[in-house]
Amino acid sequence: MTPASPADSSPAISNYRFTNPSLLTEALTHKSYVNERREPGRKHNERLEFLGDAVLSLVVSDYLAKRYPELSEGALSKLKAKLVSETPLANAARRLDLGTHLKLGRGEELSNGRAKASLLADAFEAVIAAVYLDGGLEVSRNFLIEALTDELRHIDVLQEKPGGDDYKTRFQEWCQKQYELLPRYVIVRETGPDHQKVFDVEVRVNDRVFGIGRGYSKKEAEQEAAQRALEQSER
C-alpha cells in the first residue's frame with residue numbers, strides 16, 4: 001500500500017488512488033474489529049467481500065475467455081478455479097501488503113490473523129469491490145489484472161505445458177526412473193514478518209541439490225523447487 005503524500009491525503013493501493021477513502025477503510029476492516037468497538041457508523045468488509053467476489057468472477061472469466069478462445073467451457077472453469085481460490089488471492093494480498101493495514105479485533109491479533117490466508121483473501125476481494133465502487137469496472141479490471149500478474153503468467157506457462165502444474169509429482173516420477181529414489185524437500189530459510197512469511201526450499205536427491213524454490217507457503221516453495229529441478233534435468 002502506497003502512503004499518501006502530504007500534498008494528497010487520498011489513500012492509495014498499488015497504483016490506484018481512492019477518491020472516497022472510506023471505501024478502502026471499510027475494505028480493510030474485519031468484523032472482529034467492529035464487534036469489539038461498537039463505533040457508530042463503523043462498517044466491516046463482508047458487504048464489500050460479497051461484491052468483490054462477483055467482480056472478481058466477472059473480470060477473470062472475461063480475461064480467460066478472451067485469452068484462451070480455443071478452450072472449452074470446462075477447461076476455462078478449471079483455470080478460473082485456480083485463479084479465484086484462497087491461495088492466489090491471499091498471495092496477491094501479501095504482495096499488496098494488505099495484512100499490515102487490516103483493522104482486526106484483539107482475538108484475531110492474538111491468533112496471528114494478519115497471516116491467515118482466509119482473512120487476506122477476503123480482504124483482497126473487499127478491496128476489489130472498493131476499487132470498483134470508487135473507480136468503475138474498467139479501473140477495477142486493470143487493478144485486478146495487475147494484482148494477479150504472477151498467477152496469470154503461471155497460467156500461461158501451464159497452457160504451454162498442459163498438465164505441468166504438479167511439478168512435485170513429475171519430479172518424483174523422474175527421480176524414481178533415474179535413481180530409484182524419492183526427492184527430499186528441505187526448508188533452508190524463513191524470512192519476513194509472520195503475516196508475510198517467505199520460505200526457501202531445496203529439493204535434494206542423494207544430498208545433491210536439484211532445485212531451489214521460494215514461496216509464501218511451504219507447498220508453494222516446494223512446487224517451485226520441483227519446477228526448477230525439472231527444468232535443470234531437461235537441459
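The values are calculated or read from the model by the stated rules, or taken from the named source; none is laboratory data. For clarity, every value in this text was computed on a predicted model and none was experimentally measured. Ideal geometry is used to build each Cβ from the backbone, glycine not excepted, and the neighbour counts take in all protein chains shown.
Points to keep in mind about this one:
- Residues (touching a residue at least 12 places away in the same chain (Cβ under 8 Å) and under 21 Å from Arg94 (Cα atoms)) located in the stretch 168-192: Ile187
- Scoring Val203 on the criteria (1) of a type outside the set (Lys, Arg); (2) at pLDDT 95 or above; (3) in a helix (DSSP H, G or I) leaves a single failure, condition (3).
- Residue list for the stretch 56-90, restricted to those being more than 30 Å from Ala221 (Cβ to Cβ) and hydrophobic (A, V, I, L, M, F, W, C): Leu58, Ala65
- Of all residues in the stretch 122-149, those satisfying the criterion of being under 13 Å from the mean Cα position of the chain (by Cα) and not aliphatic (A, V, I, L, M) are Asp122, Phe124, Glu125, Glu146, Thr149.
- Helices (runs of 4 or more DSSP H) enclosed by the stretch 1-115 - at least 3 residues per element that are free of Cβ contacts under 8 Å to residues at least 60 places away in the same chain and buried (at least 17 other Cβ atoms within 10 Å of the Cβ): 86-95
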